[in-house]
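*Asks:* What follows is a single structure, and I will ask about it in a moment.
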């Protein structure tokens with residue numbers, strides 16, 4: 001008799017626990033559905049800036065080199081000049097580069113306005129075609145570069161509102177807007193290539209989306225900060 005009473009006492013408690021778990025499950029499901037119906041979400045995003053690597057156009061000598069790290073530049077401003085090298089023959093009979101000019105020096109200019117963030121050269125050094133000479137970044141305009149799965153990109157449009165959070169500032173949510181979609185969104189960013197991820201059926205392309213931040217109040221933004229974004233549908 002006592003055992004029956006004890007079982008009867010436990011039964012309502014067990015039912016309550018089951019009901020509570022069901023309600024929690026339903027609540028989570030509704031929340032996830034609500035989020036997916038209202039937003040496109042991705043945490044494949046980083047804080048970045050427009051930046052370009054300036055390279056040598058040909059095998060040459062830097063006739064002039066007027067910059068150093070931290071130099072501010074305007075668009076199309078001259079960094080220096082390169083003078084082509086002639087091909088000659090060394091004492092062993094092999095073709096070699098000499099330092100005799102074959103043409104007048106050509107100017108090296110920056111395609112964007114910004115600040116020199118990398119520079120390891122000086123006037124008089126010889127360089128090879130394609131060799132990186134400097135990196136120029138526009139530090140005045142930070143933005144988020146996010147990657148969205150191709151099957152969701154049709155829900156993304158320019159000027160759509162975006163909620164942005166950073167791993168380093170989890171207590172703050174920043175607002176922004178979609179500025180560009182597609183390959184041009186990452187044209188001058190360090191991570192400009194379209195990414196892909198393997199799935200069971202096929203490779204899913206990820207499309208770059210440039211997001212401009214409204215009133216970004218962080219005093220010392222660190223380029224490369226990980227971000228999560230929610231793009232409003």
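Every number here is computed from the coordinates shown, using simple stated rules; none is lab data. Computed from a predicted structure; not experimentally measured. For neighbour counting, all protein chains shown are included, and Cβ atoms are generated from backbone atoms with ideal geometry for every residue, glycine included.
*Asks:* Please give the direction-averaged projected area of the C-alpha convex hull for the stretch 113-185, in square nanometres with one decimal.
*Replies:* On the way: hull surface 32.5 nm².
For the Cα atoms of the stretch 113-185, the hull's average projected area reads 8.1 nm².
*Asks:* If packing is taken as the average number of other Cβ atoms within 10 Å across a peptide's residues, how do 172-180, 65-73, 39-47 rank, most packed first? The partial results should precede the final answer.
*Replies:* Numbers: 172-180: 16.6, 65-73: 14.9, 39-47: 18.6.
Final packing ranking: 39-47, 172-180, 65-73.
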